[in-house]
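Here the structure is laid out as structure tokens; the discussion comes afterwards.
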């Protein structure tokens, strides 16, 4: 049994796949298996995956019909046999000592989950990506007291630390005895959010290696996360509903306010994408935004929300106030058009 299973979903990345897989296979820690999940990629990726499997016995390949990254990661989780599991996105790459150093921390503290930081790679520069939480070890009580307050959403309505699942190294069999989660299949946006939250909620211990940027996240302007998709809102709604099922009635912590902030965050993202989309007319933008803001769950959210107490910039509070009154959507559109 390998010590670490590394799961890599593969789809339309023939330009980057070699860089990614080589950075894993050349790790200073070699007792690992690499599970390449070909998610029905129409390019040379399937053949590249098979070539790796033919030259390195640590590589396993799954070929499946295209079903999205969540289904690909779930397929990898089902095959993984390592004591620890992690993910790498196939257009990214990692430092050669990443797993040696993370595993050393996991073993030293008998830790369920270890998280490092990453370097965001832009075409012309790099940026350190870190989180506003303390470094070091969290036991079960410290997780509840210090991490649960932003398990689903940070206080300033931003993603929580574990949104980056590829920065996590976690035990296949958690010390808590709880099962590791699976991804919500069919959701293509922010699918990491729920998985990361469920994993930390199930964990007994967590260690944050703050400042250790072992992972290189290559920014892609064409990514689904950063572009307008007409059906993105439907995916977000399904994700929020699943988050409610998992966290609305937890016996040991009240996540209600965070669930509201998740929905608010998705409203910000979706309407922001709508107003930034050049292919839509102003009338279309206003109609789509109003349609979202007039949905029952959104109206109920704004009925509960204390906008004045949101830890967001003043301009965003103003926009939020306008969202609470859909009749003001044309003003929002005009405001965003001036930015």
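Some values worked out for this structure:
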{"quantity": "Label-point gap, in nm, between residue 55 and residue 3 - each point 7 angstrom along Cα→Cβ", "calculated": "2.5"}
{"quantity": "Gained length - residue 250 relative to residue 317, 0.36 nm times residue gap less alpha-carbon distance", "calculated": "21.2 nm"}
{"quantity": "Spin-label pair residue 44/residue 182, simplified geometry with 7 Å Cα→Cβ offset, distance in nm", "calculated": "3.5"}
{"quantity": "The range 108-252: C-alpha pair distances exceeding 21 Å, %", "calculated": "46"}
{"quantity": "Degrees, to the nearest 10: 191-202 long Cα axis against longest axis of the chain", "calculated": "70"}
{"quantity": "For the chain, built as a Gaussian network whose Cα springs stay under 10 Å, the top-fluctuating residue of 86, 130, 162", "calculated": "130"}
{"quantity": "Contact order relative to length of the range 227-288, as percent, for alpha carbon pairs under 8 angstrom and 6 or more apart", "calculated": "37"}
{"quantity": "DSSP beta bridges in the range 4-218 [antiparallel fraction, %, rounded to 5]", "calculated": "35"}
{"quantity": "Angle between the chain longest axis and helix 45-55 axis [Cα atoms, degrees, rounded to 10]", "calculated": "20"}
{"quantity": "Rel. contact order, % - alpha carbon contacts under 8 angstrom, at least six apart, the chain", "calculated": "17"}
{"quantity": "For 1, 119, order by how many other beta-carbon atoms lie within 10 Å, fewest first", "calculated": "1, 119"}
{"quantity": "The range 28-55 versus the range 144-215: alpha-carbon centroid distance in Å", "calculated": "26"}
{"quantity": "Highest-fluctuation residue, 313, 46, 160 considered, GNM on the chain with Cα pairs under 10 Å", "calculated": "313"}
{"quantity": "Contact order normalised by residue count of the range 1-153, Cα under 8 Å, 6+ apart, percent", "calculated": "28"}
{"quantity": "Among [x] 22.5, 75; [y] 33.6, 103; [z] 20.7, 62, the entry that matches Rg and Dmax of the Cα atoms in Å as calculated here", "calculated": "[z]"}
{"quantity": "Helix 232-247 vs. the chain, principal-axis angle (Cα, 0 to 90°, nearest 10)", "calculated": "70"}
{"quantity": "Most fluctuating residue given options 318, 62, 292, as computed from a GNM of the chain linking Cα atoms under 10 Å", "calculated": "318"}
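Since every read-out is calculated from the coordinates, none of them should be taken as a lab result. Everything numeric in this text was worked out from a predicted model, so none of it was measured. Heads up, the Cβs are rebuilt from the backbone with ideal geometry, glycines too, and the neighbour counts pull from every protein chain shown.
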